[in-house]
Amino acid sequence: MRTDVNGITIAYNDRGTGLPIVFFHAFPLNRNMWAAQEEVLSARFRIISIDLRGHGESDAPLWHYTLEQSADDVHALLNQLAIRQALFVGLSMGGYILFAFYRKYATSVKGLILADTRAQADTTEGKNGRFQMAQTAYKKGPSSIADIMIPKLLSPATIRTKPEIVRNVRAMIEGNQVSGIAGDLMAMAERPDSVAFLPQITCPAQVIVGELDQATPPSDARLMAELIPNAQLATIPDAAHLANLEQPDTFNQIVAAFALDLQQ
Ligand code: MLT
């Protein structure tokens, strides 16, 4: 489905009925990364997955990007869908956007699932890396970004033994426009540190991390689970950064259990 918000067209899926669960994807992917969640969880819940500004089938304007703008896009979309409160799931960049969303729209958040993400801002070295990646995207195109990102997103075992997952991730990355890739690299580089904000998150929260995640390792997940007052932590074995793609059944069980608790 498609709709216009804040001057651009946003693509999204809306499937099922019940408690709305809104999914924010990772960088530099799109809403297809949630296909296995949508398939299973839409039997019990209303699943909304969104191509965030700059990704997938949504517009990728050549302009300044911020994570707050992505949060505003989602809020405008939810207003159009008449959804006043939801459970939000954000993986990695999706988690960074959830922090921005919660800062502005806490009353819309019934619960939070922060998966394979972190509250810390980028280090100087991290920011420099994003600048270099934006230059690479501009000079060599999205497939060069897939070459760099795939070993950071998936475990060595997945890369070796599950070519269909690797193909799917590569297709999502290559489907992006350079304007969106560079825009979100800038937005992530500029994001504020959220560690001091964690104690102000008062809704129920579930933190999830793949035990092999090197991009946002289990120590980052533990920090969030310790500092968010009402949070619990789940570690998924045999998964790296894209834990929902590598271990969809375990990921779905954690989301479903948390959502059912929230409904009561
Ligand atoms: C992501 O998966 O969204 C990215 O790895 C996040 C990041 O680069 O910090």
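For this structure, a couple of remarks:
- Area of VAL195 that stays accessible when all protein chains are in place (1.4 Å probe, Å², to 10): 40
- Largest to smallest accessible area among HIS241, HIS64, HIS75 [probe 1.4 Å]: HIS64, HIS75, HIS241
- Computed over the chain, Cα set: Rg, Dmax in Å: 16.8, 52
- Pairwise centroid distance, computed over Cα atoms, of the range 183-252 with the range 80-96, Å: 15
- Summing charges over neighbours of GLY95, with a neighbour being any other residue whose Cβ is under 15 Å away from its Cβ, gives -3 when K and R count +1 and D and E count -1.
- Radius of gyration (Cα atoms) of the range 1-127, expressed as a multiple of 2.2 N^0.38 Å: 1.00.
- Based on C-alpha pairs under 8 angstrom that are at least 6 apart in sequence, the chain has a relative contact order of 21 percent.
- Of all accessible heavy-atom area on the chain, the percent that carbon and sulfur account for (1.4 Å): 51
- Shape call, the range 178-233: gyration tensor on alpha carbons, a/c limit 1.5: oblate
- Surface accessible to a 1.4 Å probe, per residue, for the residues of the chain, Å²: 42
- Segment ASP238-ALA35, extension gain: residue separation times 0.36 nm, minus the distance between their alpha carbons: 71.1 nm
- About its Cα centre, the chain has a charge dipole of approximately 160 debye under the convention of +1 per Lys or Arg Cβ and -1 per Asp or Glu Cβ, with nothing else charged.
- Extension gain (nm, one decimal) between GLN120 and ASP4, 0.36 nm per residue minus Cα-Cα: 38.5 nm
- Accessible surface of ASP14, taken over heavy atoms with a 1.4 Å probe and every protein chain present, rounds to 40 Å².
- Global form of the range 142-264, assessed from the alpha-carbon gyration tensor, a/c cut-off 1.5: oblate
- Nearby aspartates and glutamates by direct alpha-carbon distance to LYS152 (threshold 19 angstrom, same-chain neighbours under 8 apart not counted): ASP116, ASP122, GLU125, GLU164, GLU174, ASP184, GLU211, ASP213, ASP220, ASP238, GLU246
- FRET efficiency, GLN214 to THR17 (Cβ-Cβ, R0 30 Å, nearest 0.05): 0.20
- Oblate is the label for the range 32-90. Its Cα gyration tensor axes, ordered a ≥ b ≥ c, give a/c of at least 1.5 and b/c at or above a/b.
The values are calculated or read from the model by the stated rules, or taken from the named source; none is laboratory data. Note that the structure is a prediction, hence the values are computed from the model and not measured. No Cβ is skipped: glycine too gets one built from the backbone with ideal geometry, and neighbour counts run over all protein chains shown. Remember, those area values only see protein heavy atoms, side chains included, never the ligands or the DNA or RNA. Shrake-Rupley method; radii C 1.70, N 1.55, O 1.52, S 1.80 Å.
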